[in-house]
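Report on one structure; see the data block that follows.
The values are calculated or read from the model by the stated rules, or taken from the named source; none is laboratory data. Small disclaimer: the values here were computed from a predicted structure and weren't measured. Cβ placement follows ideal geometry from the backbone for every residue including glycine, while neighbour counts extend to all protein chains displayed. Side chains are part of the model used for accessible areas, which takes the heavy atoms of the whole protein and leaves out ligands, DNA and RNA. Shrake-Rupley method; radii C 1.70, N 1.55, O 1.52, S 1.80 Å.
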Amino acid sequence: MHDVPAIIDIEASGFGARSYPIEIGYVLGNGRTRCTLVKPPSHWTHWDDAAERVHGILRPTLLQHGRDIAEVADLLNGDLAGQTVYCDGWAHDYPWLALLFDEAGRAPRFRLESVARLLDEPRLARLDDVRRAAVAELGLVRHRASNDARALQLALSRI
């Protein structure tokens with residue numbers, strides 16, 4: 001890959017105002033990936049069964065295996081500090097990250113941007129098709145945050 005940006009993807013409890021991040025995965029420009037489940041605080045209660053069917057993550061799994069909010073925020077800051085990190089769902093991902101950092105009492109030390117900022121209109125129009133091909137090439141079957149980030153990064157390197 002040549003000059004590929006860091007990519008982040010977030011799975012959530014659902015969509016809308018009461019939803020929250022449950023899994024965060026990212027891949028750095030050097031190809032290193034990380035994925036972590038987020039243990040929701042007790043007052044984060046919204047759960048959408050339709051979202052669960054997409055990501056396949058059960059709430060009891062988060063409670064048992066998820067990392068505490070502050071630990072996740074520190075992990076993100078440690079790995080992503082000073083970088084611009086790109087996502088394909090900025091309108092959802094930005095509020096979810098803001099909620100996570102707010103809850104942790106921390107400030108992000110990286111910047112989140114939409115992949116749309118990297119592409120002109122013709123390339124942006126091709127992105128979904130190229131990403132689907134990347135998913136197939138990588139042999140990804142599970143819809144998980146780090147897998148989605150890897151597929152998007154590969155697609156960007158090919159466009």
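Name the residues in the stretch 126-159 that are in a helix (DSSP H, G or I) and in contact with a strand residue (DSSP E or B) (Cβ under 8 Å, 6 or more places away or on another chain), would you?
ALA145, SER146, ASN147, ASP148, ALA149, ARG150, LEU152, GLN153, LEU156
Quick one: count up the residues across the stretch 6-34 that are in contact with a strand residue (DSSP E or B) (Cβ under 8 Å, 6 or more places away or on another chain) and under 11 Å from ARG150 (Cα atoms).
Counting residues in the stretch 6-34 that are in contact with a strand residue (DSSP E or B) (Cβ under 8 Å, 6 or more places away or on another chain) and under 11 Å from ARG150 (Cα atoms) gives 11.
Would it be correct to say that LEU76 is at pLDDT 95 or above, under 12 Å from the mean Cα position of the chain (by Cα) and within 24 Å of LEU58 (Cα to Cα)?
Here the answer is yes, as LEU76 does meet what is asked.
Pairs, please: C-beta under 6 Å, at least 6 apart or cross-chain, first residue more than 18 Å from ALA149 (Cα to Cα) and modelled with pLDDT of 95 or more and in the stretch 104-124, second in a loop (DSSP other than H, G, I, E, B) and open to solvent by 40 Å² or more (accessible area, probe 1.4 Å)?
Final answer for the pair search is ARG109/ALA81.
Could you please let me know if ASP74 is touching a strand residue (DSSP E or B) at 6+ places or on another chain (Cβ under 8 Å) and either under 20 Å from ARG32 (Cβ atoms) or surrounded by 18 or more Cβ atoms within 10 Å (Cβ to Cβ) (or both)?
no
From LEU112, LEU99, LEU119, LEU152, grab the single residue that is open to solvent by 30 Å² or more (accessible area, probe 1.4 Å) and of a type in the set (A, V, I, L, M).
Residue meeting the stated conditions: LEU99.
Which condition number in (1) surrounded by 12 or more Cβ atoms within 10 Å (Cβ to Cβ); (2) of a type outside the set (A, V, I, L, M, F, W, C); (3) touching a residue at least 12 places away in the same chain (Cβ under 8 Å); (4) over 22 Å from PRO5 (Cα atoms) is the one that ARG144 fails?
If we test ARG144 against (1) surrounded by 12 or more Cβ atoms within 10 Å (Cβ to Cβ); (2) of a type outside the set (A, V, I, L, M, F, W, C); (3) touching a residue at least 12 places away in the same chain (Cβ under 8 Å); (4) over 22 Å from PRO5 (Cα atoms), just (4) comes out false.
Could you tell me how many of the residues in the stretch 6-31 are on the phi < 0 side of the Ramachandran plot and at pLDDT below 95?
Count: 5.
Among the listed residues ASP93, ASP49, identify the single one that is under 22 Å from ARG142 (Cβ atoms), of a type in the set (D, E, K, R) and surrounded by 18 or more Cβ atoms within 10 Å (Cβ to Cβ).
Unique residue meeting the criteria: ASP93.
Identify the single condition in (1) open to solvent by 20 Å² or more (accessible area, probe 1.4 Å); (2) part of a loop (DSSP other than H, G, I, E, B) that ILE57 does not satisfy, given that it satisfies every other one.
The number of the failed condition is (1).
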